[in-house]
Ligand code: HEM
């Protein structure tokens, strides 16, 4: 079958920043497309994306080298990276059986039991951040919800899990995380690429000191588990493997949760009736979080490498080419979600979204980020009121092929009277 024509260039900066009309046009034209002049099959339909994710024998996650792209061959970039540790394919960019080995280990650290045990700590961080936003507003300064809440919350949570709390600050962890995310999105110039390579090495050197410390004296955190674990009697992970796992936890856990928090609050600002509905019935918050994840889908899409000639939704994908599984489009497929662009906190099938992917690579941190998001919105709605964009606020979404999120969200709000404990 001839692939239908794509209704535009999916990677044009203006489409990446505001892709919704483009995705709607894709849904009218077909569930999968050939991207003209490239070896890319672009998959947008919900059922087609689910189908692709289940066919791990044909569609591989070994896209580490493809992602590194042409600039990884640049001698200046390579020279910097060679002063650090080699990149190892662990979870996201590995296939079974290698993937299974790492995944088993990391799953243990992110079980529901472990995540539930973190709830009080998450709530404590959330309340401190809300207090700090209130103090800032009281001083007459503009609160930026992204910088003042949505970035520090997940960074603080993951930094403590990977042993970085106390050994460095939130701004540094965020800077490292951004460097990895920018390299992944490939929308940066040479200077930024060089800077990112330097940051990667700086992150590795810092990780090395933590790894050595945990080897000498485990503390019971996730990093201690990673350093000292040997699964099924296998050799323990070496430094480069541990760094790769840490890096993925740091990057995947930060940018995405930040984007859902900021995008979610913006949805509440723009939908006063939905906000009122959730205020009247806070038990809707967990489902509202699913709906925010569906509509925001911060990991807009992910790559797969086609290992053998295949067809996806009737479109041919030759061995050696790439699939782009477009989670953000699938999550607005009208065949799956009625009135897909509408924000409905009580939507019945919101939780069937693909914002965390599906199958063997489904997000290992999904329970942790769901917890952070639910606690954050519980406390924000209980403590604050009158959310509005600050006068003159400009909303900018950074163009990135894989990750999408608001750069800033200047905000005004009022305090809600708090009940005093008896
Ligand atoms: C709203 C927040 C988040 C979103 C939207 C998100 C999204 C995703 C998606 C779509 C994938 C699948 C990639 C694929 O299909 O190949 C994924 C994988 C992954 N995520 Fe998340 N993520 C979030 C939060 C987190 C957190 C908090 C962590 C860790 C602390 C995390 C760690 C990972 C890791 C390690 C993988 C790779 C898993 C594997 O390949 O087996 N993520 N995430």
The one condition residue 374 fails out of (1) in contact with a helix residue (DSSP H, G or I) (Cβ under 7 Å, 6 or more places away or on another chain); (2) under 18 Å from residue 133 (Cα atoms) is (2)
Testing residue 56 on (1) modelled with pLDDT of 90 or more; (2) touching a helix residue (DSSP H, G or I) at 6+ places or on another chain (Cβ under 7 Å); (3) outside any loop (DSSP other than H, G, I, E, B), one condition comes back false. Which one is that?
(3)
How do the helices (runs of 4 or more DSSP H) wholly within the stretch 118-216 filter down when requiring 2 or more residues that are surrounded by fewer than 20 Cβ atoms within 10 Å (Cβ to Cβ): which remain?
119-138, 170-185, 190-216
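Conditions (1) farther than 16 Å from residue 325 by Cα; (2) at pLDDT below 95; (3) surrounded by 16 or more Cβ atoms within 10 Å (Cβ to Cβ), marked per residue:
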site: 3; (1), (2), (3): no, yes, yes
site: 8; (1), (2), (3): yes, yes, no
site: 14; (1), (2), (3): yes, yes, no
site: 17; (1), (2), (3): yes, yes, no
site: 26; (1), (2), (3): no, no, yes
site: 31; (1), (2), (3): no, no, yes
site: 42; (1), (2), (3): no, no, yes
The condition of being at pLDDT 90 or above and within 17 Å of residue 409 (Cα to Cα) holds, among 275, 265, only for 265
Hey, residue 401 hits all of (1) closer than 21 Å to residue 153 by Cβ; (2) within 14 Å of the chain's Cα centre (by Cα); (3) away from the ligand (no atom under 11 Å from the Cβ) but one; which does it fall short on?
(1)
Restricting attention to the stretch 97-108, and to residues there that are within 10 Å of the ligand (Cβ to nearest atom) and farther than 18 Å from residue 240 by Cβ, which single residue is surrounded by the fewest Cβ atoms within 10 Å (Cβ to Cβ)?
107
If I filter the stretch 220-274 down to residues being closer than 25 Å to residue 370 by Cα and outside any helix (DSSP H, G or I), which single residue comes out as farthest from the ligand (Cβ to nearest atom)?
271
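Can you confirm whether the stretch 294-311 contains a residue that is within 11 Å of the ligand (Cβ to nearest atom), assigned to a helix (DSSP H, G or I), under 30 Å from residue 418 (Cβ atoms) and modelled with pLDDT of 95 or more?
yes
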Tally time: how many residues in the stretch 377-392 are out of contact with any helix residue (DSSP H, G or I) (no Cβ under 7 Å at 6 or more places or on another chain) and farther than 17 Å from residue 272 by Cβ?
4
Go through the stretch 343-361 and report how many residues are touching a helix residue (DSSP H, G or I) at 6+ places or on another chain (Cβ under 6 Å) and near the ligand (Cβ under 8 Å from one of its atoms).
5
Would you be able to say whether some residue in the stretch 226-240 is surrounded by fewer than 20 Cβ atoms within 10 Å (Cβ to Cβ), in contact with a helix residue (DSSP H, G or I) (Cβ under 9 Å, 6 or more places away or on another chain), within 21 Å of residue 86 (Cα to Cα) and at pLDDT 85 or above?
yes
Determine whether the stretch 371-392 contains at least one residue that is over 21 Å from residue 154 (Cα atoms), within 16 Å of the ligand (Cβ to nearest atom) and surrounded by fewer than 19 Cβ atoms within 10 Å (Cβ to Cβ).
no
Condition check for residue 289: within 16 Å of the ligand (Cβ to nearest atom) and touching a strand residue (DSSP E or B) at 6+ places or on another chain (Cβ under 6 Å)
no
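Residue-wise test of (1) within 16 Å of the ligand (Cβ to nearest atom); (2) within 30 Å of residue 304 (Cα to Cα); (3) at pLDDT 95 or above.
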site: 112; (1), (2), (3): yes, yes, no
site: 115; (1), (2), (3): yes, yes, no
site: 138; (1), (2), (3): no, no, yes
site: 159; (1), (2), (3): yes, yes, no
site: 167; (1), (2), (3): no, no, no
site: 190; (1), (2), (3): no, yes, no
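The values are calculated or read from the model by the stated rules, or taken from the named source; none is laboratory data. Values in this document were obtained by computation on a predicted structure and should not be read as measured data. When we count neighbours, we look across all protein chains shown, and the Cβ atoms used for this are built from the backbone with ideal geometry, even at glycine.
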